Structures are given as C-alpha cells and as structure tokens.
1. Of (1) within 21 Å of Met1 (Cα to Cα); (2) away from ligand 1 (no atom under 12 Å from the Cβ); (3) part of a helix (DSSP H, G or I), Ser220 satisfies all except one. Which?
2. Any idea how many residues of the range 260-293 are of a type in the set (A, V, I, L, M), surrounded by fewer than 22 Cβ atoms within 10 Å (Cβ to Cβ) and part of a helix (DSSP H, G or I)?
3. Looking at Leu4, Leu53 in this structure, which one is touching a Cys at 6+ places or on another chain (Cβ under 8 Å) and either at negative phi or of a type in the set (Ser, Thr, Tyr) (or both)?
4. Collect the residues in the range 9-29 that are over 27 Å from Thr78 (Cβ atoms), more than 16 Å from ligand 1 (Cβ to nearest atom) and either touching a residue at least 24 places away in the same chain (Cβ under 8 Å) or touching a strand residue (DSSP E or B) at 6+ places or on another chain (Cβ under 8 Å) (or both), keeping them in residue-number order.
5. If I filter the range 157-184 down to residues being under 25 Å from Leu330 (Cα atoms) and more than 10 Å from ligand 1 (Cβ to nearest atom), which single residue comes out as surrounded by the fewest Cβ atoms within 10 Å (Cβ to Cβ)?
6. Restricted to the range 244-262, and to residues that are more than 12 Å from the chain's Cα centre (by Cα) and aliphatic (A, V, I, L, M), which residue is nearest to Val341 (Cα to Cα)?
7. Of all residues in the range 99-132 being in a helix (DSSP H, G or I), more than 8 Å from ligand 1 (Cβ to nearest atom) and of a type in the set (S, T, N, Q), which is surrounded by the fewest Cβ atoms within 10 Å (Cβ to Cβ)?
8. I need the full set of residues from the range 294-324 which are more than 30 Å from Phe155 (Cα to Cα), over 20 Å from the mean Cα position of the chain (by Cα) and in a loop (DSSP other than H, G, I, E, B), in order please.
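The values are calculated or read from the model by the stated rules, or taken from the named source; none is laboratory data. In this text, all values refer to a predicted model and were calculated from it rather than measured experimentally. Neighbour counts run over all protein chains shown; Cβ positions are idealised from the backbone, glycine included.
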Amino acid sequence: MQTLHVDLAERSYPIYIGQGLLSRPELLTQHIAGRQVAIVTNDTVAPLYLQTLLQVLEGYSVTSVVLPDGEAFKNWETLQLIFDGLLSARHDRRTTVVALGGGVIGDMAGFAAACYQRGVDFIQVPTTLLSQVDSSVGGKTGINHPLGKNMVGAFYQPKAVLIDTSSLNTLPVRELSAGLAEVIKYGLICDEPFLVWLEQNMPALRALDQQALTEAIERSCAAKARVVAADERESGVRATLNLGHTFGHAIETEQGYGVWLHGEAVAAGTVMALEMSYRLGWLSAADRDRGVRLLQAAGLPVVPPQDMTPAQFLEHMAVDKKVLDGQLRLVLLKRLGEAVVTADYPREILDATLRSDYAALALSSNS
Ligand SMILES: NC(=O)c1ccc[n+]([C@@H]2O[C@H](COP(=O)([O-])OP(=O)(O)OC[C@H]3O[C@@H](n4cnc5c(N)ncnc54)[C@H](O)[C@@H]3O)[C@@H](O)[C@H]2O)c1
Ligand SMILES: [Zn+2]
C-alpha cells in the first residue's frame, strides 16, 4: 500500500492506494469519529461493493443511501435523497458520510456532507479511475445546474481517500479510458517524464495491469495533491488542472449531461487546447500531435462533435468558472509539461481554434 498526503494544515488528509484496501477495516475506522455512518452510493456500485463496506463497518450504525446512477442525476432532487436518508435515520453532527462510487457520487456526497448540519465528516472511496486520480482529491464538491456544470457547490475536504485499485476490474472500458484523459492531463500540465512513461505503459494500463495502474494513480494523485496544497481555492495554479475542461464542459453541456462522458469531453477539449497552443506558436506541430496520439492510444475521442458550432462553444464557455470580469481565461500549454492560465491571446486565434478541422488532425497525427 502507498500513502500520500494532501498538505492543508489542519485539513490535511491521507490518500491510501493499493489492491484490496476496501476490505481493510482500520483504514476507514481510524477516520470515523462517531458511531454513525452514512454510505452514499448508486444502484450500479451497490451490488458490487456495498456488502464489503458494510462488513468492514460492522458495529457502526450504518445507513445506506443508494442513488440512481448517472451524471443526469447530479442535481438538487437527487441531493435531497441524501438529506432524506440522513434525517429519517436521525444522523447527528458526528456522522461520517462515506462516498462509495465514481466522481458523481463523490461530488454529491461531499456536497451533502458540507451542508448537512453545516458540515459533517466525510471519506472518499472512489471506484472509477477518474475519481481515483482526480475528483476524490482536492475537496471540490457540488452538483450541476441546467445552465452550467458544477455551478453549485463547496470546497470541502475529506478526512481520507481510500483507493482500492482492484475495484477497477469491474469498470466498463469506456469509463477506464475516460479516467485516462485526466491521467494524461497531469503529464501535459506539469510532468513531461510522466508523458513518456504513459506512452510506454498505455497498453498495460488498458489491460488493467495492477502495478501500472497503481503507479499511474500514485503519480496523478501526487501531482494533484501538490497543486491543491499550493492553491486550495483556485486563485492561481489550481486552474491549470482544468486543461481541456473549458472546451470540454461546452461539449458536455451542449450534448446534454451523460451523452459524452466527462473524460471523453475533456479529451476532445484537450485536443482543442493543444491546437490553440500550437496556433499561438507555443507548441510545435510534433508536440501537439504527440498529445493527440497519446489520447488516441488511451481509446479517447479526439474530435469534438462535428455538429457543434463555434457560436455554441462560445455561449457555453461564457459561463465557465474561469471567466473573471468578463474575460475568458483558458488553460494552454507553453510546452509539454508546462501549463499557463491566460486571457491574453488574440481573439482570432480562439476563433480559428474553434473552426479547426479536428478530423483531419486526428488522421494526420495518427499516421
Ligand atoms: N470534484 C472534482 O474535483 C472533480 C474532478 C473531475 C471530475 N469531477 C466530476 O466527476 C464526475 C465524473 O466522474 P466519473 O467519471 O467517476 O463518473 P461516474 O461517477 O458517473 O461513474 C462512471 C460510471 O461507472 C460506474 N461505476 C463506478 N465505479 C464502478 C466500478 N468499480 N465498477 C463498475 N462500474 C462502476 C458508475 O456507476 C457510473 O455508471 C463528473 O460529474 C465530474 O464533474 C469532479
Ligand atoms: Zn475533469
């Protein structure tokens, strides 16, 4: 087992990474203050892992809240079901909420924990690759609004993150690829040697090689923990974690939540950020193509939806959280391994980026 630490003074917490950790009681129980626990999960994950968790928590008074599965349910109505469960079982302020599932469950359970009686403890048990390398670490919680993704939420750090890499054995391949989009992101924004490692290990990762997965998760979490420790509330460097996300969120919102997976939209959005960085003269064509190729090797889409117009992109990008005083800031790459957040780019370059022929780019970078 590997243990990493997110360094946030009195809100610091450990990230445990390893095979079979879900059935090791002490990892969880040392972080549970009271006797009451509420497990929040969904109807896909519950049949797979809820029983194991319930066994580990024997002796505690446990309420299980099983939500409907899907990004489309990351909203107020579903959030309310968590409060219904907590209140009807009379959970008090010493309750610990345990999020068992992917990023949707982690974001909603975390937000519920932040709000319930003005804040109760919570623990993340992420079960998708995306949630293991990204959403479970860093304390961003929240829900979607019909007018914008993740627009309602809170910064609220967990007490611990428990990553059992064996839970990935049941994950659909499309979801595994979606998680790899965020893994590749860390290489692109801050760790060029990790990109080289990913180029060599992509087949092993896709074949669920546990050693390769553990290393990829560790390096990703370490990168995220570093960035979060430096800038918890995203006033600076943390925004670089949104590489590809401004374009990607536009795709998700336009297509309707859940049609494109988050990681898939991020992959296509990352290609757009690579293209824009190339058009700004920061990346060579070879660097851009290298990024595109790695995303393709991970089984990810690299072409935005063909029917989406530049106007549609701009409309959705205007509600992005990185818009400050009407300025649209974008995460772009100065070089592979170094990201910047900037509003200082010629508008024509953004327009040209939105009009680029990504199908042709996909073909040429793959040849
Ligand atoms: N808070 C943050 O910092 C942050 C960062 C990135 C993404 N996110 C959010 O995370 C969400 C995406 O997370 P996700 O990709 O994990 O999606 P998800 O939570 O929808 O999970 C994907 C699918 O896999 C299923 N699943 C989960 N674990 C499984 C397992 N072990 N075996 C089989 N099936 C399993 C889920 O039920 C779901 O159907 C988005 O809402 C995004 O906004 C948040
Ligand atoms: Zn993301």
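1. Result: Ser220 passes all but (2).
2. 2
3. Just a single option satisfies the conditions, and that option is Leu4.
4. Residues satisfying the conditions are Ser12, Pro14, Tyr16, Arg24, Pro25, Leu27, Thr29.
5. Looking at the filtered set, the residue picked out is Ser177.
6. Result: Ala250.
7. Out of the qualifying residues, it is Gln117.
8. Val303, Pro305, Gln306, Asp307, Met308, Thr309
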